[in-house]
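Written out below as C-alpha cells is the structure these notes cover.
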Amino acid sequence: MPVYLLLTAFTVWMAVEAVRRGQAGSWLWIILLFGPIGAAVYFFSEVQPLRGGGSGGRTVAADELRRAEADVKRLDTAAAWTHLASLRRIRRQFGQAAAAAEKAVERDSQGRDARYELGLALLGAGRPGAAVPHLRHVVEGDRWYDSGDALFALGEAEKASGDFPAARAHLEELSGRSGRPEILYSLAEVQVRLGDEAAASQALTRIVEEAELVPPYLQRSVKPWVRKARRALKQMGRA
C-alpha cells in the first residue's frame, strides 16, 4: 500500500479517536489542518501515554535513585517521597515503592500524585484490593488523570480483586475514549468472566479491525495484542 494511503488511514484513525474521546473541540482541527503531522502529535500526546502508570519504558539510573533518596532525607515532603516511589516503581521494586508512597500519603493524604503512586505500587506488588481505594480517590478527583492511566489502573485493580462489575464499568468507560488494545483485551477478559461472550467478542474484534489502521512503525506494539485477540476469538468459536 502506498505510503500516502497509510498516512491517510492513520490520520482518519486519530480523528475518530479524538471524536470518540470527546476531544474533537481541542484536537480535531489540529489533526485535520496538519494531517499526518497533527495526527502524530495527537497520538504521542494523548493516545500513546496510556501505558500503565506513564513510565513510558524509561529506565532509572542508580545516580538518579540516590539523588531521590537524598531528597527525601533533606526535604521530607510529599513530593519528594512521591518521586522516590515513582522511581522505585519504574524499577519494579514495588514493595519499596509502596513504602515510599505511604510516606508521601502521610504528609499529604489528599494529594492525587501520592495516592496514585501508592495505588500503582500496591497493584504491582500483588495487592489489588488495597490499591483500589487509592486509585478510586484519584479518579473521583480527576476522571482522566494521567491521560486515563488512573482509570485503567483502577479497572485492573478491580478485576484482579474480583470486583468484575466495577471493573467492567470502568473499562467500558475508558474504551469509549480509547482504542488501546490492552484496554480492550482487559475489558474482554472481564466480560467473559461475567458471562457476556457476545460483548467480549466485540471488544476482541475491535482490536483486530483497528490494528489494520495502525501505521507500520507502530505495528510491533500492536501485533501481540492482535494475536492474543485472535486466539481468544478462536477459543470462543467466533474467529
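Things to note:
- Ranked list, fewest to most other Cβ atoms within 10 Å of each Cβ, for 236, 14: 236, 14
- Here the chain yields Rg over Rh of 1.01, to two decimals, using C-alpha coordinates and the Kirkwood radius.
- With 5 Å bins from 0: P(r) over the stretch 105-239, alpha-carbon pairs, percent: 2, 11, 19, 19, 19, 13, 10, 4, 2, 1, 0
- Per-residue HN-Hα couplings for the stretch 121-135 [Karplus 6.51, -1.76, 1.60; θ = phi - 60°; Hz; x = Gly/Pro]: 5, 5, 5, x, 7, x, 10, x, x, 6, 6, 3, x, 6, 5
- Derived scalar couplings ³J(HN,Hα) [the stretch 209-218; Karplus, 6.51 cos²θ - 1.76 cosθ + 1.60; whole Hz; x for Gly, Pro]: 5, 6, 5, 5, 8, 6, x, x, 6, 10
- Computed from backbone phi, the HN-Hα couplings of the stretch 172-188 come to 5, 4, 5, 5, x, 10, 9, x, 4, x, 5, 5, 5, 5, 4, 4, 4 Hz, rounded to whole numbers (Karplus: 6.51 cos²θ - 1.76 cosθ + 1.60, θ = phi - 60°; Gly and Pro given as x).
- Seen through its C-alpha gyration tensor, with square-root eigenvalues sorted a ≥ b ≥ c, the stretch 54-129 comes out oblate because a/c lies at 1.5 or above while a/b is not bigger than b/c.
- Multiplying the residue separation of residue 32 and residue 219 by 0.36 nm and removing their Cα-Cα distance gives an extension gain of 65.0 nm.
- Likely footprinting exposure, 86, 178, 161, fewest C-beta neighbours within 10 Å first: 161, 178, 86
- Neighbour-count ranking [beta-carbon atoms within 10 angstrom, fewest first] of 217, 42: 217, 42
- For peptides 115-124, 184-193, sequence by mean Cβ density within 10 Å, most packed first: 115-124, 184-193
- Spacing of the two label points (7 Å from each Cα toward its C-beta) at residue 140 and residue 61, in nm: 4.2 nm
- Lysines whose Cα lies under 28 Å from that of residue 159, excluding same-chain neighbours fewer than 8 positions away: 103, 223, 228, 234
Readers should treat all values here as calculations from the given coordinates under stated rules, not as data from a laboratory. These figures come from a predicted structure and were not determined experimentally. Reconstructed Cβ throughout: ideal geometry from the backbone, glycine too, with neighbour counts over all protein chains shown.
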